[in-house]
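Everything on this sheet refers to the single structure shown next.
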Amino acid sequence: MTYSIVALDRESGELGVGIQSRAFRSGAVVPWALPGVGAVATQAFSEKSYGPLGLELMRAGKTPEQALAGLAAADPLAANRQVSMLAADGTAAVHTGDSCIPAAGHRIGEGVTAQANCVESPQVWESMVDAFVGAEGSLQRRLLDALDAAEASGGDWRGRQAAGILVVPMNGQPWDTVCDIRVDDHQDPLGELRRLLDLHEGYTALGE
């Protein structure tokens, strides 16, 4: 029960995921990414294995469509899942199961996907892509702008609780991140996420 955006920054080669949900600690479950490989969002009765297994399949040469189709075929609860996979070259695939709680759906753009379930209207996922394409700045800032747009479009009809942003570099070790912040439980998770992002960027600048 979540909305999320998965995207590639073509200028930097960074990959990232942004999410917000009424589900506790969803920022620690939904987003997955690996430098130079891809990014995954797994939500809607989330099955975490789609993250690491999807990335491993893409690293082995499978396209997002092949990786996602293979994992969904082996999942007896695939109809309840919503999963997005984006490769480092910008190709993407999204699965929205028939049993996901409506409104549920997704949109695939150029190097970006937006997906949502248990939200007010299709405008939630549509607005994320539009906001991301029109935003400027770092990938993490553009992801947050997209999440803000989704919330302004109605968001999760159950309310707000958790959020997260994960961004990885174009190249690096599996544990390398550009930004990895999340809010597990807060009345205004996106507001708190923005505060943490300000701190993150401040500490990064200080380190540089």
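Summary of computed values
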| item | result |
| --- | --- |
| Filter result for residue 8 (surrounded by 21 or more Cβ atoms within 10 Å (Cβ to Cβ) and in contact with a Leu (Cβ under 9 Å, 6 or more places away or on another chain)) | yes |
| Criterion: of a type in the set (A, V, I, L, M, F, W, C), without any contact (Cβ under 8 Å) to a residue 40 or more places away in the chain, part of a helix (DSSP H, G or I) and open to solvent by less than 50 Å² (accessible area, probe 1.4 Å) - qualifying residue of 79, 93 | 79 |
| Answer residue from segment 154-208, given it is within 19 Å of residue 127 (Cβ to Cβ) and modelled with pLDDT under 95 and is surrounded by the fewest Cβ atoms within 10 Å (Cβ to Cβ) among those | 159 |
| Qualifying positions in segment 127-153 - in contact with a strand residue (DSSP E or B) (Cβ under 6 Å, 6 or more places away or on another chain) and either not in a helix (DSSP H, G or I) or not polar (S, T, N, Q) (or both) | 128, 129, 132, 139, 143, 146, 147, 150 |
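The values are calculated or read from the model by the stated rules, or taken from the named source; none is laboratory data. If you're wondering where the values come from, they're calculated on a predicted model, not measured in any experiment. Cβ atoms come from the backbone with ideal geometry, glycine included; neighbour counts cover every protein chain shown. In case anyone asks, the SASA skips ligands and DNA or RNA and just uses the protein heavy atoms, side chains included. Shrake-Rupley method; radii C 1.70, N 1.55, O 1.52, S 1.80 Å.
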